[in-house]
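Student: Take this structure first; my questions come after.
The values are calculated or read from the model by the stated rules, or taken from the named source; none is laboratory data. None of these values were measured; they are calculated from a predicted model. Here the Cβ is made from the backbone with ideal geometry for all residues, glycine too, and neighbour counts use every protein chain on show.
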């Protein structure tokens, strides 16, 4: 049923819809998809990705949105599925280049508003949309559809386009018993299925996992068990945006007669936004301030905070290492890490758990208790979504290659022919016209590293240097030479960082100096005439020497001053 | 029941047994325990630890064994529980300082012999000991007791000492159906319990995990399912020392008419040792050579290799990225990662899985199939061990703090009073005399970093520098000045590595140069007279500038040449 591959963008052909994931289909995070038809373009989400372990010093990564900027006059708006960073974190970077309206549900916009304020982007038009409302953006009619996820107010989209209906799930799970009673909108998704959906894009994050993801309410049972027997303070770390989790902690705290303290900037800010918007239901006299903590018996207190990923500057980390001003952990305290241990963070989290145990606390975490559930659909739920929407074509999104493969296999099982399943990479284009769907070339895409205030000034070459410096450090060789003769008039001095502990390695340093002196002696006049040749020679001699004697490859930088 | 804490080593008191873990009780790995009584000392295991994520550039870590070397004349021998690196990897480093006999089971010694040869330590006396054999080492009578673990020929120890019997489990699980039919020696452990055991040291690695660890044979079922439907080649990556896993692959290969190729140095070496010692049972005509691979149909082939942890230079990694000479992955191939994803390695492993899927292979790994079981006892097994041995005192070993806490709780549940449970850190001493057991001071201990050929020349300060370099790189500021006036005669030149991509950041570089020039102009004569004061000034000005403008903290090194 596939049309021919056109080998390039058909920008001029008005009857073609281009679906272009700019991020989120080769990684978990930096989700961003462009829909383009004729002179109209909309953007679904603009997320960041947290750095992988070899992206040294990088704060986060955003998608390269050059293609959007090149077509800036076409952009009719950005629609947001929910308020998590991996769907909204690139927004400030996009919006400072491009002033377009943003559409999202109230909580999503509440969180985004805060973020835009920090970036002095208050002028951006934010439009609040409720589930089942429809927004018209150029040729696109975007209907917001409620889904359940680990943040409230999540939606997917049903998008009417000239070539038919496109459904995007956003991040979702099928929580049969959501904390706020707001079910996923099964009817809407099934109606799309009934009326005919051309393309489904669906969340692949948990496509490797069998069965169903547990309901958020399951966590409450674990909390109740812990609260029922706890004699001391309870400290709970979770993601600041997980409003339902916070609601459940508060519900159980009230049930067991404990008052709640919030500690940490993000958890206070997010809770305030959720309270203002009515997404948290809190009885009177539930809160206490951090400075009131000492006035209450330990068994009447719950602290909600962040730091569940072992972040070094977080409240939990400071509590664990006795660096927190008002909370000192002691015997009888119970600390609950109510979150997934994200791969890559286990060692930091493990260290914090060890510190807390050492100080006498009991620590409860994912590995030993059911104090967390995922926000993403597992295999059975993904199949159900496919069965509801019954799309003609399917594109797995939100995942690395293996997640897309697993999701594609599920789609095949539900009866979608393999030839109708499209696995795209970031920047690849899926072209849909009436009666034909095919991959159609590629647009500019990639990963932009954000490091401090720098966006894009750290490139792969810089990261390669950082990895090299991280592995074996740097050795500077300082030499002053007489310009004509090449005779050494000062040095060689050796300065190293991250290479060896110099106080204990005087012998190594002496050997290196001697080697430099000998190398310089043997240089012929041609080399002496060219500083860069001297540098190259010293570098190559030292490199070989250090590899042979020490099996190390520090960065070697000869610095030559001519006198 | 505890005696007083003596606050120091009673080296002169002959009636005291000192139990000193030098490693393995604050970490997973680097297992090493000393028993000392009067003029006699024995060492149980001498293992290494793989580096934690912030130990940049470190190859591995070994325990500081200064205390052993200070008492070298006392050492009667080293007994080894099994052949894994975390129990034998520090041996070459210890044995090149100390020539003492080593005792182990045949496979353990087979693996150690290989390792000692690489370090030119063939002169060390290796004594083969079978389970239930007793070795007398000074006042100690050490009985070897068979246990089951993820390597064959593992043992624990029953050690008769003048103050009573000490039991050390080594690494173990209670495999009810071991591949070679060799059960753990339940009788011996229960006999120790019956006759009275003073102290049990037991493996805490899996003390967080509920229930029982599955039998190694469970993996076979998963293999059979995969082999039964596989139409292409099967490539299995596992730990080279997991002889039972290799045996099972071969058994299933024979069952399904496939021939076996080994690929990778360590898997070939270990298999050869196991074959020579009779630990592998292989029917004739099972093997083929790597270069014969092309002569057989895909469905008659199994490749066994290493690289299950995503190690970049491993065979599997090279296969996944098309860099392997003879094995190119293709559609229809099945790749099985038959190993645990060790925390910290998930991202590298994930990348390899993505690469393999991309090349058309099907990939089967821990998350999606039961193709691996742990080698360590879970909670129920740990309690059973405690019930068998019924020790008066208990010391959890092989674990981080949280593992020891969980294990201690299990011991309490089995009826050991809390006051009889001792949680020691590396280097702490447990002193046992008749009728009294107590912590008694500390000996020198710590972690020695091995980096290339360097042992101990990388210390924490060097690692701090590496972390800093890794995070934000380094900025060199080169200036030639006139000695008397401080006037700049050459430069400032800015050279950076791992900081910014200079081609795209000319503005930053120019700003930095200007700042240096202005700073130099304002220096008063006192500062100009002292090069280190100039350097300090430039460093502090640039540090503040880069923090404010870029939110980065590169290492800043002003280098000043006086002319």
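Student: Take the residues of the stretch A:51-62 that are buried (at least 20 other Cβ atoms within 10 Å of the Cβ) and in contact with a helix residue (DSSP H, G or I) (Cβ under 9 Å, 6 or more places away or on another chain): which is farthest from the other protein chains (Cβ to nearest Cβ)? First the steps, then the outcome.
Tutor: Taking the stretch A:51-62 as the starting set, the residues that turn out to be buried (at least 20 other Cβ atoms within 10 Å of the Cβ) are A:51, A:55-58, A:60-62.
Retained after the next criterion (residues that are in contact with a helix residue (DSSP H, G or I) (Cβ under 9 Å, 6 or more places away or on another chain)): A:55-58, A:60, A:62.
Working: A:55: 10, A:56: 4, A:57: 4, A:58: 9, A:60: 13, A:62: 16 Å.
Among those that are buried (at least 20 other Cβ atoms within 10 Å of the Cβ) and in contact with a helix residue (DSSP H, G or I) (Cβ under 9 Å, 6 or more places away or on another chain), it is A:62.
Student: Just for the stretch A:390-403: of the residues that are more than 14 Å from every other protein chain (Cβ to nearest Cβ) and assigned to a strand (DSSP E or B), which one is nearest to residue A:205 (Cα to Cα)?
Tutor: Selected residue: A:397.
Student: Restrict the check to the stretch B:136-146 and report whether at least one residue is in a strand (DSSP E or B), surrounded by fewer than 20 Cβ atoms within 10 Å (Cβ to Cβ) and on the phi < 0 side of the Ramachandran plot.
Tutor: yes
Student: Working only within the stretch B:512-533, note down all residues that are surrounded by 14 or more Cβ atoms within 10 Å (Cβ to Cβ) and modelled with pLDDT under 80.
Tutor: The answer is B:527, B:528.
Student: Something else now. Can you name the condition, by its number, that residue B:401 falls short on among (1) in contact (Cβ under 8 Å) with a residue 24 or more places away in the chain; (2) out of contact with any helix residue (DSSP H, G or I) (no Cβ under 8 Å at 6 or more places or on another chain); (3) under 25 Å from residue B:149 (Cα atoms)?
Tutor: That leaves (2) as the condition not met.
Student: Of the conditions (1) surrounded by fewer than 16 Cβ atoms within 10 Å (Cβ to Cβ); (2) in a helix (DSSP H, G or I); (3) within 12 Å of chain B (Cβ to nearest Cβ), residue A:536 clears all except one; give me its number.
Tutor: For residue A:536, the exception is condition (3).
Student: Moving to a separate point now. In this structure, is residue A:378 in contact with a strand residue (DSSP E or B) (Cβ under 6 Å, 6 or more places away or on another chain), within 27 Å of residue A:154 (Cβ to Cβ), modelled with pLDDT of 95 or more and buried (at least 16 other Cβ atoms within 10 Å of the Cβ)?
Tutor: no
Student: With respect to residue B:445, is the statement that it is more than 14 Å from chain A (Cβ to nearest Cβ), under 30 Å from residue A:551 (Cβ atoms) and in contact (Cβ under 8 Å) with a residue 60 or more places away in the chain true?
Tutor: Here the answer is yes, as residue B:445 does meet what is asked.
Student: Separate question: Going through the stretch A:224-240 one residue at a time, which ones are touching a residue at least 24 places away in the same chain (Cβ under 8 Å) and either surrounded by fewer than 24 Cβ atoms within 10 Å (Cβ to Cβ) or out of contact with any helix residue (DSSP H, G or I) (no Cβ under 9 Å at 6 or more places or on another chain) (or both)?
Tutor: The answer is A:224, A:226, A:227, A:228, A:230, A:231, A:232, A:239, A:240.
Student: Please work out which one of (1) away from chain A (no Cβ under 13 Å); (2) touching a helix residue (DSSP H, G or I) at 6+ places or on another chain (Cβ under 8 Å); (3) in a loop (DSSP other than H, G, I, E, B) is the condition residue B:387 fails and give its number.
Tutor: If we test residue B:387 against (1) away from chain A (no Cβ under 13 Å); (2) touching a helix residue (DSSP H, G or I) at 6+ places or on another chain (Cβ under 8 Å); (3) in a loop (DSSP other than H, G, I, E, B), just (3) comes out false.
Student: If you don't mind, there's one more thing I want to ask. Quick check: is even one residue across the stretch B:184-191 closer than 19 Å to residue B:213 by Cα, surrounded by fewer than 24 Cβ atoms within 10 Å (Cβ to Cβ), in contact (Cβ under 8 Å) with a residue 12 or more places away in the chain and more than 24 Å from the chain's Cα centre (by Cα)?
Tutor: Yes, because at least one residue in the stretch B:184-191 is closer than 19 Å to residue B:213 by Cα, surrounded by fewer than 24 Cβ atoms within 10 Å (Cβ to Cβ), in contact (Cβ under 8 Å) with a residue 12 or more places away in the chain and more than 24 Å from the chain's Cα centre (by Cα).
Here's the yes/no breakdown for (1) at pLDDT 85 or above; (2) within 24 Å of residue B:473 (Cα to Cα):
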| residue | (1), (2) |
| --- | --- |
| A:488 | yes, no |
| A:505 | no, yes |
| A:537 | yes, no |
| A:558 | yes, yes |
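Student: Determine whether residue A:553 is in contact (Cβ under 8 Å) with a residue 24 or more places away in the chain, part of a loop (DSSP other than H, G, I, E, B) and within 21 Å of residue B:455 (Cβ to Cβ). Steps first, answer last, please.
Tutor: Values: in contact (Cβ under 8 Å) with a residue 24 or more places away in the chain: yes; part of a loop (DSSP other than H, G, I, E, B): yes; within 21 Å of residue B:455 (Cβ to Cβ): yes.
Yes.
Student: Does residue B:55 qualify as being within 15 Å of the chain's Cα centre (by Cα) and in the same structural domain as residue B:407 (by TED's automatic domain parsing)? I'd like the intermediate steps shown before the answer.
Tutor: Details: within 15 Å of the chain's Cα centre (by Cα): yes; in the same structural domain as residue B:407 (by TED's automatic domain parsing): yes.
The answer is yes for residue B:55.
Student: Could you check residue A:509 against (1) modelled with pLDDT under 85; (2) within 14 Å of chain B (Cβ to nearest Cβ) and say which number it fails?
Tutor: For residue A:509, the exception is condition (1).
Student: Of the conditions (1) surrounded by fewer than 20 Cβ atoms within 10 Å (Cβ to Cβ); (2) within 11 Å of chain B (Cβ to nearest Cβ); (3) over 24 Å from residue B:459 (Cα atoms); (4) in contact (Cβ under 8 Å) with a residue 60 or more places away in the chain, residue A:439 clears all except one; give me its number.
Tutor: Among (1) surrounded by fewer than 20 Cβ atoms within 10 Å (Cβ to Cβ); (2) within 11 Å of chain B (Cβ to nearest Cβ); (3) over 24 Å from residue B:459 (Cα atoms); (4) in contact (Cβ under 8 Å) with a residue 60 or more places away in the chain, residue A:439 violates only (2).
Student: Does residue A:308 fit the bill of being touching a helix residue (DSSP H, G or I) at 6+ places or on another chain (Cβ under 6 Å) and in contact (Cβ under 8 Å) with a residue 12 or more places away in the chain?
Tutor: In short, no.
Student: Continuing with this model, one more query. In the stretch A:541-553, which residue that is in contact with a strand residue (DSSP E or B) (Cβ under 9 Å, 6 or more places away or on another chain) and surrounded by fewer than 19 Cβ atoms within 10 Å (Cβ to Cβ) is farthest from the other protein chains (Cβ to nearest Cβ)?
Tutor: Pass one, the stretch A:541-553, residues in contact with a strand residue (DSSP E or B) (Cβ under 9 Å, 6 or more places away or on another chain): A:542-543, A:546, A:550-552.
Remaining after also requiring surrounded by fewer than 19 Cβ atoms within 10 Å (Cβ to Cβ): A:543, A:551.
Values: A:543: 13, A:551: 3 Å.
If we take residues in the stretch A:541-553 being in contact with a strand residue (DSSP E or B) (Cβ under 9 Å, 6 or more places away or on another chain) and surrounded by fewer than 19 Cβ atoms within 10 Å (Cβ to Cβ), then A:543 is farthest from the other protein chains (Cβ to nearest Cβ).
Student: Select from the stretch B:448-483 the residues that are touching a helix residue (DSSP H, G or I) at 6+ places or on another chain (Cβ under 9 Å), at pLDDT below 90 and more than 7 Å from chain A (Cβ to nearest Cβ) and list them in ascending order.
Tutor: Across the stretch B:448-483, the qualifying residues are B:455, B:456, B:481, B:483.
Student: Let me ask another. Given the criterion over 30 Å from residue B:462 (Cβ atoms), in contact with a helix residue (DSSP H, G or I) (Cβ under 6 Å, 6 or more places away or on another chain), free of Cβ contacts under 8 Å to residues at least 60 places away in the same chain and more than 12 Å from every other protein chain (Cβ to nearest Cβ), identify the matching residue among A:415, A:486.
Tutor: On inspection, the qualifying residue turns out to be A:486.
Student: Given the criteria under 25 Å from residue A:343 (Cα atoms), away from every other protein chain (no Cβ under 14 Å) and either out of contact with any strand residue (DSSP E or B) (no Cβ under 6 Å at 6 or more places or on another chain) or not in a strand (DSSP E or B) (or both), does residue A:180 qualify?
Tutor: Judged against the criteria, residue A:180 is not a match.
Student: Go through the residues of the stretch A:419-434 one by one and say whether even a single one is more than 30 Å from residue B:423 (Cα to Cα) and either modelled with pLDDT under 95 or not assigned by TED's automatic domain parsing to the domain that holds residue A:30 (or both).
Tutor: Yes, because at least one residue in the stretch A:419-434 is more than 30 Å from residue B:423 (Cα to Cα) and either modelled with pLDDT under 95 or not assigned by TED's automatic domain parsing to the domain that holds residue A:30 (or both).
Student: Name the single residue, out of those in the stretch B:322-371 being more than 12 Å from chain A (Cβ to nearest Cβ) and under 19 Å from the mean Cα position of the chain (by Cα), that is surrounded by the most Cβ atoms within 10 Å (Cβ to Cβ).
Tutor: The qualifying residue surrounded by the most Cβ atoms within 10 Å (Cβ to Cβ) is B:338.
Condition check ((1) exposed (fewer than 15 other Cβ atoms within 10 Å of the Cβ); (2) on the phi > 0 side of the Ramachandran plot; (3) within 32 Å of the chain's Cα centre (by Cα)) across all residues:
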| residue | (1), (2), (3) |
| --- | --- |
| B:266 | no, no, yes |
| B:270 | no, no, yes |
| B:276 | yes, no, yes |
| B:282 | no, no, yes |
| B:288 | no, no, no |
| B:291 | yes, no, no |
| B:295 | yes, no, no |
| B:300 | yes, no, no |
| B:306 | no, no, yes |
